[in-house]
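Each remark here refers to the structure printed beneath this line.
The values are calculated or read from the model by the stated rules, or taken from the named source; none is laboratory data. Being a predicted model, the structure only gives us computed values, none of them experimental. Note: ideal-geometry Cβ built from the backbone for every residue, glycine included; neighbour counts use all protein chains shown.
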């Protein structure tokens, strides 16, 4: 069972990383309101999925939570610069 859980956690980490990458691509693509909203949605998904890693080893969780936090900071910086005030739904 532990082997299965470890495999599931690795897969979840891959999904979270892909979701974060998608959000950054959206932010770099010349952000309009729709792209920003999609990036916010990707952040919410990454945050929700990262919360499911509660049984993963710290060495696996810490980098993921740092990436999620950095994404939130990037979204906030963009929001401040652009004047866009779209509330995250998560």
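Among all residues of segment 11-32, there is none that is surrounded by 12 or more Cβ atoms within 10 Å (Cβ to Cβ), under 15 Å from the mean Cα position of the chain (by Cα) and in a loop (DSSP other than H, G, I, E, B). Quick check: anything in segment 70-84 surrounded by fewer than 17 Cβ atoms within 10 Å (Cβ to Cβ), at pLDDT below 95 and not in a helix (DSSP H, G or I)? Scanning segment 70-84 turns up at least one residue that is surrounded by fewer than 17 Cβ atoms within 10 Å (Cβ to Cβ), at pLDDT below 95 and not in a helix (DSSP H, G or I).
Counting the residues of segment 36-62 that are surrounded by 16 or more Cβ atoms within 10 Å (Cβ to Cβ) and not in a helix (DSSP H, G or I) gives 2.
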